[in-house]
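Colleague: Quick one: the structure is below, and I'll ask about it shortly.
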Amino acid sequence: MHRGSEGSLRDIDWVERRWEPSRAYSETKLHVATLAFAVARRWPHVLSNAVDPGWVPTKMGGAGAADDLEMGHLTQTWLAVSEDPKAIVSGGYWHHRRQHPPAEEVTDPDFQDQLTGKLAEITGLSLF
C-alpha cells in the first residue's frame with residue numbers, strides 16, 4: 001500500500017488535513033519503508049529491511065484477504081533470525097521472501113533525509 005501514497009511530507013501527523021484512514025495508512029507504510037532504507041544507508045553495520053506481509057486475513061485484512069497469513073510473517077522472522085546468506089542483507093523491500101522494488105521515494109536519499117528531519121522536528125529527537 002505504500003505505493004498509494006503521493007510522497008508528500010506536509011502535515012504527516014494529520015493535524016491540518018481532514019482524516020482519511022486509507023490514505024493515512026498508505027502514507028505510514030511509505031514512511032516506515034523509507035525509514036528502514038534510511039537506517040540501512042546511514043548505519044551499514046545494521047541490517048534494516050522493509051517487509052510487506054501482503055493483504056492477509058486478519059481482523060484488519062478481513063476474511064476475503066487473498067494473501068497467505070503464514071507467509072505474511074515468515075519473511076519477517078526469516079530476515080530476523082536466519083543465517084541464510086539471502087537473508088543477511090540490508091536495504092531491501094521484501095514480500096514473501098523475495099525482494100521487490102519499492103516506491104521511488106523509499107530509495108531516494110533526499111526523501112529519506114527529509115523524512116528523518118521531519119520526524120526529528122515532530123519528536124524532538126534525531127535518529128542520525
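Colleague: Given the DSSP H assignment, sum -39500 (n - 2.57) over each helix run of at least 4 residues in the chain and divide by its residue total; what's the result at 222 nm in deg cm²/dmol, nearest 500? Could you put the intermediate results ahead of the total?
Modeller: Working: 4 runs with 54 residues, N = 128.
Taking each H run of at least 4 residues, the total per residue is -13500 deg cm²/dmol.
Colleague: Note down the accessible area of residue 100, probe 1.4 Å, to the nearest 10 Å².
Modeller: 70 Å²
Colleague: Still on this structure, please answer the following. What number comes out for accessible area per residue over the range 1-117 if the probe is 1.4 Å? Units Å², please.
Modeller: 61 Å²
Colleague: Additional query: Could you work out what % of the accessible surface of the chain is carbon and sulfur, using a 1.4 angstrom probe and leaving DNA, RNA and ligands out of the count?
Modeller: 55 percent
Colleague: Work out which helices of the chain, taken as complete DSSP H runs, extend at least 15 Å along their axis over the Cα atoms and score a mean Kyte-Doolittle of 1.6 or more, then list them. Before the final figure, lay out the partial values.
Modeller: Numbers: long enough: 21-42 (31 Å, -0.10); 69-81 (19 Å, 0.49); 109-123 (21 Å, -0.54).
Answer set is empty.
Colleague: If you take the beta carbon distance between residue 125 and residue 98 as r and set R0 to 22 Å, what does 1/(1 + (r/R0)^6) give as a FRET efficiency, to the nearest 0.05?
Modeller: 0.05
Colleague: A further question follows. At residue 69 and residue 46, where each label point lies 7 Å from the Cα along Cα→Cβ, what is the point-to-point distance in nanometres?
Modeller: Taking the simple label geometry, residue 69 and residue 46 are separated by 3.3 nm.
Colleague: Suppose every Lys and Arg Cβ carries +1 and every Asp and Glu Cβ carries -1, with no other charges. What dipole size does the chain come out with about its Cα centre, to the nearest 20 debye?
Modeller: Charge dipole, the chain, about its Cα centre: 120 debye, nearest 20.
Colleague: Among 88, 60, 103, whose Cα projects farthest towards the positive end of the dipole of the range 51-117, with charges put on the beta-carbon of Lys, Arg (+1) and Asp, Glu (-1)?
Modeller: 60
Colleague: What GluC sites (Glu not before Pro) in the range 48-128 are in a loop by DSSP, with at most 12 other Cβ atoms within 10 Å of the Cβ?
Modeller: Answer in residue order: 83.
Colleague: Further question: Take the chain, mark every one of the trypsin sites (Lys or Arg not before Pro) that falls in a DSSP loop and has at most 10 other Cβ within 10 Å, then report the longest stretch left between them, sites excluded. Mind showing how you got there, number by number?
Modeller: On the way: sites that count: 10, 18, 59.
So the longest stretch without any such site is 60-128.
Colleague: Here's another thing I want to ask about it. May I ask you to derive the FRET efficiency for residue 83 and residue 19 from their Cβ-Cβ distance with R0 = 41 Å, giving the value to the nearest 0.05?
Modeller: Given R0 = 41 Å and the Cβ-Cβ separation, E is 0.40.
The values are calculated or read from the model by the stated rules, or taken from the named source; none is laboratory data. Since the structure is predicted, the reported quantities are computational estimates derived from the model, not experimental observations. Because the Cβ atoms are built from the backbone with ideal geometry, glycine has one as well, and the counts that use them run over all protein chains shown. Side chains included, ligands, DNA and RNA excluded: accessible areas come from the protein's heavy atoms. Shrake-Rupley method; radii C 1.70, N 1.55, O 1.52, S 1.80 Å.
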